[in-house]
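The values are calculated or read from the model by the stated rules, or taken from the named source; none is laboratory data. Only a predicted model underlies this, so the values are computations on that prediction, with no experimental measurement involved. Cβ placement follows ideal geometry from the backbone for every residue including glycine, while neighbour counts extend to all protein chains displayed. Calculation scope for accessible area: heavy atoms of the full protein, side chains included, ligands and nucleic acids excluded. Shrake-Rupley method; radii C 1.70, N 1.55, O 1.52, S 1.80 Å.
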Amino acid sequence: MPTILTHPAPILALGAALGFRRLSPRLLWLAVFCAILPDFDVIGFRLGMHYADLFGHRGFSHSLLFALLCGGLAGLSAPWLRCRRWLAFIVIFAAVASHIALDAATNGGLGVAAFYPVSDARYFFPWRPIQVSPLALSAFFSERGFSVLRSEFLWVWLPCLSFGLVAFVLRRWGNPSAVVSKAA
Ligand SMILES: [Zn+2]
């Protein structure tokens, strides 16, 4: 997996692209949480589960079905999230799905059970530039941990920052009245 520092990057880029004002703070914070939620499956190791089990690491919680369920629950909770149902569904689905996609682009561990229950197989993308993060915290504070952060900056943060910045500029450019009314 990429680190928990990096998993929220795509959802923050999406927020910058849509405009943070369109996302309620509750929806934004829930999306950041849901971007790391699938990795809570590591608790299964403490319960005696194996990596390759359905509820092991990168199993059920890394499936599109899980992303749909999370999106559906968010849609049902839209009044509490103070946003429209479709927006809650899309943002939370995207948060979980982005986690699955990032894991599928890492170069270690087992792949993600993205298509459970249609298939139990674990999948990776054909191109996997992101260095997999160590599961043990102690291993993270090492040369390998630094190398992982460098890889995540290059392959996740840099594209997300670029996307968010370009989308932000295009949005402002397409709506100059917002800038004028602020200046007035
Ligand atoms: Zn993961």
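For the reader, a short list of remarks on this structure follows.
- Most mobile of Ala105, Ala52, Ala31 in a GNM of the chain (Cα contacts under 10 Å): Ala52
- Probe 1.4 Å - accessible area at Val91, Å² to nearest ten: 0 Å²
- Between the helical axis of 25-36 and the longest alpha-carbon principal axis of the chain there is an angle of about 20 degrees.
- Computed over the chain: relative contact order in percent, which uses C-alpha pairs under 8 Å that are six or more apart: 26 percent
- Distance from the range 100-130 to the range 54-88 (C-alpha centre basis), Å: 19 Å
- GNM remark for the chain: springs join alpha carbons under 10 Å apart, and the peak mean-square fluctuation among Ile90, Ile11, Ile130 falls on Ile90.
- Backbone N under 16 Å from the Ser119 label point (7 Å along Cα→Cβ), restricted to the range 91-105: 101, 104-105
- Note on the chain: semi-axes of the ellipsoid equivalent to its C-alpha gyration tensor, largest first and rounded to whole Å, are 31, 21, 13.
- Using alpha-carbon coordinates, inclination of helix 143-152 to the longest axis of the chain, degrees: 40 degrees
- Over the chain: helical MRE at 222 nm, DSSP H runs n ≥ 4 each giving -39500 (n - 2.57), nearest 500: -16500 deg cm²/dmol
- C-alpha long axis of helix 158-174 to longest principal axis of the chain, angle in °: 20 degrees
- By accessible area with a 1.4 Å probe, ligands and nucleic acids excluded, highest first: order of Glu152, Glu143: Glu143, Glu152
- Total charge dipole magnitude, the chain, about the Cα centre, Cβ charges on Lys, Arg, Asp, Glu only, Debye to nearest 20: 860 debye
- For the chain, built as a Gaussian network whose Cα springs stay under 10 Å, the top-fluctuating residue of Asp103, Asp120, Asp53: Asp53
- Solvent exposure, largest accessible area first (probe 1.4 Å, DNA, RNA and ligands not counted), of Trp29, Trp86: Trp29, Trp86
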